[in-house]
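Below is one structure, written out as structure tokens, with a few remarks after it.
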Amino acid sequence: MPNNLSYEEAAAVPAGGLTALKNLQKANIQEGQKILINGASGSLGTYAIQLAKYYGAEVTCVCSKNNFELVKSIGADKVIDYSKEDFTKIAYKYDIVYDSVMKSNYSQCKKILTTNGVFVNNNQLSKIKVDDLLFLKDLIEKNKIKPVIDRIFSLDEIVEAHRYVDIGHKKGNVAITIGHKNMDFY
Ligand SMILES: NC(=O)c1ccc[n+]([C@@H]2O[C@H](COP(=O)([O-])OP(=O)(O)OC[C@H]3O[C@@H](n4cnc5c(N)ncnc54)[C@H](OP(=O)(O)O)[C@@H]3O)[C@@H](O)[C@H]2O)c1
């Protein structure tokens, strides 16, 4: 567990953080590349933004206007509001399109990819290794990335927590505390 996170923050690292990392590794992200992240304000998206910035990429985020400030605060260089603009039709090319919310496909995104551009969307990821988690732990302890926590629910509120997540508009991650909500875990 990273030494600078609460239990709730740490619990939100492995699933979202590793999935985002494996997607960027699969796309072979390189310094100076341009990446577009769809669903940028979700769990995978918020990790992908910070990891892409760590790798030195220029990051364009697709999310609703409500989340522009959030994604900019963690590294977004450009933002697109999906309710106003269809990102698959913009006149710009990306080295990587990562659709973390899986709302598009390769055929739709081909037009906005460079000649050797890569489309990734959480499918067919390589096996997770312990080293991947240790890599994230190291980046967190160096303050390069941090989990974005939207809400924390108690175990008694688990049904409400699922309802909230199922709506599909959480910002980053939702955590469940087993114990008292305001307990100091540090
Ligand atoms: N979280 C994980 O650990 C994990 C791991 C593996 C796979 N997955 C899968 O990956 C997908 C994403 O999960 P997630 O937890 O990152 O996020 P999520 O909770 O599914 O989505 C949350 C974000 O998606 C944005 N969004 C909703 N509709 C959108 C649209 N049409 N275009 C662009 N953005 C849109 C929302 O922003 P607005 O509120 O601004 O609309 C919200 O911030 C899900 O299908 C999930 O099952 C998740």
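The values are calculated or read from the model by the stated rules, or taken from the named source; none is laboratory data. Nothing here was measured: the structure is a model prediction, and the numbers come from that model. Cβ placement follows ideal geometry from the backbone for every residue including glycine, while neighbour counts extend to all protein chains displayed. Remember, those area values only see protein heavy atoms, side chains included, never the ligands or the DNA or RNA. Shrake-Rupley method; radii C 1.70, N 1.55, O 1.52, S 1.80 Å.
Brief remarks follow.
- Filtering 161, 175 for residues that are open to solvent by less than 50 Å² (accessible area, probe 1.4 Å), outside any helix (DSSP H, G or I) and not β-branched (Val, Ile, Thr) leaves a single hit, 175.
- The conditions of being among the aromatic types (Phe, Trp, Tyr), under 29 Å from residue 3 (Cβ atoms) and assigned to a helix (DSSP H, G or I) are not met by residue 68.
- For the stretch 121-154, filtering for residues that are without any contact (Cβ under 8 Å) to a residue 12 or more places away in the chain and small (Gly, Ala, Ser) leaves 0.
- Filter result for the condition that a residue is part of a loop (DSSP other than H, G, I, E, B) and either open to solvent by less than 70 Å² (accessible area, probe 1.4 Å) or at pLDDT 95 or above (or both), over 126, 104: 104
- Some residue of the stretch 25-33 being over 24 Å from residue 176 (Cβ atoms), touching a helix residue (DSSP H, G or I) at 6+ places or on another chain (Cβ under 7 Å), in a loop (DSSP other than H, G, I, E, B) and more than 15 Å from the ligand (Cβ to nearest atom): yes
- Filtered by the rule that a residue be open to solvent by less than 50 Å² (accessible area, probe 1.4 Å) and of a type outside the set (D, E, K, R), the stretch 67-85 gives 67, 68, 70, 71, 74, 75, 76, 79, 80.
- Residue in the stretch 177-186 that is in contact with a His (Cβ under 8 Å, 6 or more places away or on another chain) and touching a residue at least 12 places away in the same chain (Cβ under 8 Å) present: no
- Residue within the stretch 139-155 that is more than 18 Å from residue 47 (Cβ to Cβ) and of a type in the set (Ser, Thr, Tyr) present: yes
- For the stretch 42-66, the tally of residues that are farther than 15 Å from residue 136 by Cβ and open to solvent by 10 Å² or more (accessible area, probe 1.4 Å) stands at 6.
- Test for residue 8: is it farther than 13 Å from residue 139 by Cβ, away from the ligand (no atom under 11 Å from the Cβ), in contact with a strand residue (DSSP E or B) (Cβ under 7 Å, 6 or more places away or on another chain) and open to solvent by 10 Å² or more (accessible area, probe 1.4 Å): yes
- Residues within the stretch 155-186 that are touching a Lys or Arg at 6+ places or on another chain (Cβ under 9 Å) and modelled with pLDDT under 95, tallied: 0
- Within the stretch 43-65, the set of residues being within 11 Å of the ligand (Cβ to nearest atom) and assigned to a helix (DSSP H, G or I) comprises 43, 44, 45, 46, 47, 48, 65.
- Pairs with Cβ under 7 Å, 6+ apart, first in the stretch 90-110 and farther than 20 Å from residue 32 by Cβ, second crowded, with 16+ Cβ neighbours inside 10 Å and hydroxyl-bearing (Ser, Thr, Tyr): 104/88; 108/88; 109/88
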